[in-house]
1. Is the stretch 27-47 home to any residue that is modelled with pLDDT of 95 or more, within 18 Å of GLY150 (Cβ to Cβ) and among the small types (Gly, Ala, Ser)?
2. If a residue must be without any contact (Cβ under 8 Å) to a residue 24 or more places away in the chain and under 13 Å from the mean Cα position of the chain (by Cα), how many such residues does the stretch 112-129 contain?
3. Just one of ILE77, ILE63 is over 15 Å from ALA145 (Cβ atoms), of a type in the set (Val, Ile, Thr), free of Cβ contacts under 8 Å to residues at least 60 places away in the same chain and surrounded by fewer than 16 Cβ atoms within 10 Å (Cβ to Cβ); which is it?
4. If I ask for residues that are within 16 Å of ALA136 (Cβ to Cβ) and surrounded by fewer than 22 Cβ atoms within 10 Å (Cβ to Cβ), which ones from the stretch 20-42 would you list?
5. Regarding ALA51, is this residue surrounded by fewer than 18 Cβ atoms within 10 Å (Cβ to Cβ), among the aliphatic types (A, V, I, L, M), over 14 Å from THR3 (Cα atoms) and in contact (Cβ under 8 Å) with a residue 24 or more places away in the chain?
6. Looking only at residues in the stretch 130-154 that are in a helix (DSSP H, G or I), touching a residue at least 24 places away in the same chain (Cβ under 8 Å) and charged (D, E, K, R), which one is surrounded by the most Cβ atoms within 10 Å (Cβ to Cβ)?
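The values are calculated or read from the model by the stated rules, or taken from the named source; none is laboratory data. Only a predicted model underlies this, so the values are computations on that prediction, with no experimental measurement involved. A quick note on method: Cβ atoms are made from the backbone with ideal geometry, for glycine too, and the neighbour counts reach across all protein chains shown.
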Amino acid sequence: MPTLLIVHHTPSPALQAMFEAVADGARTDEVEGVQVVVRPALTASEVDVLAADGYLLGTPANIGYMAGALKHFFDGIYYPCLEATRRRPYGLYVHGASDTAGAVRAVESITNGLGWQAVRPPVTVIGPPARTDLEACWELGALLAATVSGELAG
């Protein structure tokens with residue numbers, strides 16, 4: 001069964017709402033046959049990454065960068081997963097108080113190095129997420145699940 005791994009750092013109510021929307025989208029009944037595995041960024045490992053067929057990444061934008069927890073995740077998985085996970089699909093959602101560009105740039109730099117393929121531009125939210133932001137998160141989760149299931153070409 002195809003597996004979608006959600007790796008997240010969720011320290012705020014805004015990110016919790018975004019995470020829940022992404023996870024709900026990934027688990028939609030509209031896409032069958034995908035196992036969704038959720039791991040906090042500080043506990044996700046190369047074993048999780050190697051066992052997955054695609055990835056959803058969630059982080060706050062902290063002082064112009066991704067959360068240290070997500071950076072820790074990447075530091076642990078980069079070389080063990082570098083060759084084996086090339087061309088796998090991923091999606092990203094980022095929440096910030098005033099800016100998300102640095103966090104997005106940092107994640108995209110690392111995922112580019114890994115050879116992962118973004119299925120769509122990141123969902124970025126400044127301030128409290130609006131209904132449309134949460135819908136975009138849901139759609140990101142559903143799109144990744146459909147891609148991993150083979151219903152959509154990545």
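1. no
2. Counting residues in the stretch 112-129 that are without any contact (Cβ under 8 Å) to a residue 24 or more places away in the chain and under 13 Å from the mean Cα position of the chain (by Cα) gives 1.
3. Testing whether each residue is over 15 Å from ALA145 (Cβ atoms), of a type in the set (Val, Ile, Thr), free of Cβ contacts under 8 Å to residues at least 60 places away in the same chain and surrounded by fewer than 16 Cβ atoms within 10 Å (Cβ to Cβ) leaves just ILE63.
4. Hits for the stretch 20-42 are GLU20, ALA23, ASP24, THR28.
5. Against the criterion (surrounded by fewer than 18 Cβ atoms within 10 Å (Cβ to Cβ), among the aliphatic types (A, V, I, L, M), over 14 Å from THR3 (Cα atoms) and in contact (Cβ under 8 Å) with a residue 24 or more places away in the chain), ALA51 does not qualify.
6. Per the criteria, the residue is ASP133.
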